[in-house]
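In what follows, a structure is listed as C-alpha cells, so that the remarks can point back to it.
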Amino acid sequence: MIMAHDALARLGDLLTPTLVLGGDQDFCTPPQLSEELARGIPGAERILLPGGHMIHDENEAGFFEAVRTFIDAR
C-alpha cells in the first residue's frame with residue numbers, strides 16, 4: 001500500500017524551507033529517491049550523510065549538525 005502512494009506531483013506546492021536529509025547507504029529510501037524528492041520541492045536543500053536508514057541514530061552528530069545549520073540559516 002505505501003509503495004502505491006505518490007505525491008511527487010504535489011511537491012511543487014510546498015512553500016516551507018525544506019531539508020531533505022538521508023543516509024548514503026540507506027536501502028529503504030535510497031539516495032536517488034531523496035534526490036528526486038529534493039528536486040521536486042522548490043528551494044529544498046538535500047544532504048546525504050554517511051549511514052543508512054536510521055541516520056539520526058547511526059550518525060547522530062552529523063544529523064544534528066545538519067539540522068542545526070539548516071535551522072540557523074533561516
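Within the range 1-32, how many residues are in a helix (DSSP H, G or I), out of contact with any helix residue (DSSP H, G or I) (no Cβ under 6 Å at 6 or more places or on another chain) and more than 23 Å from R68 (Cα to Cα)?
Residues meeting the conditions: 8.
Restricting attention to the range 33-73, which residues are assigned to a strand (DSSP E or B) and aliphatic (A, V, I, L, M)?
Within the range 33-73, I47, L48, L49 qualify.
Among the residues of the range 25-74, what is the count of those that are in contact (Cβ under 8 Å) with a residue 40 or more places away in the chain and on the phi > 0 side of the Ramachandran plot? Please lay out each step first, then the result.
From the range 25-74, those in contact (Cβ under 8 Å) with a residue 40 or more places away in the chain are 63, 66-67, 70, 74; that's our starting set.
Restricting the remaining residues to those that are on the phi > 0 side of the Ramachandran plot gives none.
Of the residues in the range 25-74, 0 are in contact (Cβ under 8 Å) with a residue 40 or more places away in the chain and on the phi > 0 side of the Ramachandran plot.
For residues in the range 16-57 being loosely packed, with under 15 Cβ neighbours inside 10 Å and aliphatic (A, V, I, L, M), which is farthest from the chain's Cα centre (by Cα)?
Here the residue is M54.
Condition first: open to solvent by 30 Å² or more (accessible area, probe 1.4 Å) and farther than 19 Å from P30 by Cβ. Now tell me which residues in the range 58-74 satisfy that.
E60, A61, F64, E65, V67, R68, T69, I71, D72, A73, R74
With the requirement that a residue be aliphatic (A, V, I, L, M) and farther than 24 Å from A61 by Cα, what does the range 1-45 give you?
M1, I2, M3, A4, A7, L8, A9, L11, L14, L15, I41
The values are calculated or read from the model by the stated rules, or taken from the named source; none is laboratory data. Since this is a predicted model, take the numbers as computed values, not measurements. Virtual Cβ from ideal backbone geometry, glycine too; neighbours counted across all protein chains shown. Surface areas here come from the heavy atoms of the whole protein model, side chains and all, with no ligands, DNA or RNA. Shrake-Rupley method; radii C 1.70, N 1.55, O 1.52, S 1.80 Å.
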